[in-house]
Amino acid sequence: GNSVTQMEGPVTLSEEAFLTINCTYTATGYPSLFWYVQYPGEGLQLLLKATKADDKGSNKGFEATYRKETTSFHLEKGSVQVSDSAVYFCALSSPSGGTASKLTFGTGTRLQVTL
Amino acid sequence: ETGVTQSPTHLIKTRGQQVTLRCSSQSGHNTVSWYQQALGQGPQFIFQYYREEENGRGNFPPRFSGLQFPNYSSELNVNALELDDSALYLCASSLFYASGLSGELFFGEGSRLTVL
C-alpha cells in the first residue's frame, strides 16, 4: 500500500537558517505529492504540490522537487522566519483506483524557529 | 467565500457512547472527506462523500459512518466509542469533477474528541 515517511521532529532553527525536511514515499503508479502545513489552532493548509516526476512545487519561499528515482519530495526553504513555526505534513494521492481526495499523510514534522 | 466549518470544536464522551460531528463544506464544493488525526500522527483517511453517497473508504470499521446532505454538508457518526477513538477529526471539502479528478482539499480546524 501507499506510505509516506518523513523526518521526525521537532526541528529547531534560528531565524534565517536553511530548512530541509525529508520526505520519502512508497506508492503504486505515479502519485501526486503534497506538503501541508498546520499552524497552531488551525486546520491543514496546502503549502505546495507536484503532480509528476521532476516537477517543482513552490510557495511562500518553500520548494520541493518530485524525485521519482529516489521516491522523495524534500521540503526546503532558504531562510526561515519565526512565522514559519508549524507542523509540516508530507502527503501523496495515488490516481490508481481512487480519487485525488484520498491522501496518505506522513506523521508530521514540527518546526520551531527562534530569534 | 465561506471556509470549511466544523462543530463542535471539542467534546468529551465516555466509552460505549455515540457521537455525531458536523461539517459545512466550502461554498461551491460538492465533496466532503473525513480524516482522523491521533495525537502526534498524520491524518488518516476515513471516507469521502460525493452526491450523498460514500465514495471511497479507508481502513475504519463500520461503526464509523457518515452522511452527506443535499447542501453538501456532512456528518460523521461513531458508535460504540472506544478509548482509541480519541483524536482530532478533520473534515475537508473539495470539488470533484466528472473526469474523476479532484481539486484542492480545504480543511476545517477539526473537532477534538476525547473518550474517557
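The values are calculated or read from the model by the stated rules, or taken from the named source; none is laboratory data. Predicted, not measured: the structure shown is a model, and the values here were computed from it. All Cβ positions, even for glycine, are placed from backbone atoms using ideal geometry, and neighbour counts span all protein chains on display.
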Suppose the filter is in contact with a strand residue (DSSP E or B) (Cβ under 9 Å, 6 or more places away or on another chain), within 22 Å of B:S93 (Cβ to Cβ) and aliphatic (A, V, I, L, M); does A:L103 pass it? yes
Would you confirm, using the coordinates I've provided, whether B:Q68 is under 27 Å from A:Y88 (Cβ atoms), in contact with a strand residue (DSSP E or B) (Cβ under 8 Å, 6 or more places away or on another chain), more than 8 Å from chain A (Cβ to nearest Cβ) and touching a residue at least 12 places away in the same chain (Cβ under 8 Å)? no
Starting from residues that are free of Cβ contacts under 8 Å to residues at least 24 places away in the same chain and farther than 17 Å from B:P61 by Cα, keep the ones in segment B:15-48 and report whichever is nearest to the other protein chains (Cβ to nearest Cβ). B:G42
From the list A:A53, A:A17, exactly one residue is closer than 18 Å to A:V113 by Cα and out of contact with any strand residue (DSSP E or B) (no Cβ under 7 Å at 6 or more places or on another chain). Which is it? A:A17
Looking at (1) free of Cβ contacts under 8 Å to residues at least 40 places away in the same chain; (2) loosely packed, with under 14 Cβ neighbours inside 10 Å; (3) more than 24 Å from A:T104 (Cβ to Cβ), which one does B:T9 not meet, given that it meets all the others? (1)
Condition test on A:Q6, is it surrounded by 21 or more Cβ atoms within 10 Å (Cβ to Cβ), farther than 26 Å from B:N30 by Cα and either of a type outside the set (V, I, T) or within 14 Å of chain B (Cβ to nearest Cβ) (or both)? yes
Select, from B:V115, B:V4, the only residue that is within 13 Å of another protein chain (Cβ to nearest Cβ) and at pLDDT 90 or above. B:V4
Residue satisfying all of: in segment B:21-61; within 14 Å of B:S73 (Cβ to Cβ) and charged (D, E, K, R); surrounded by the fewest Cβ atoms within 10 Å (Cβ to Cβ) among these: B:R51
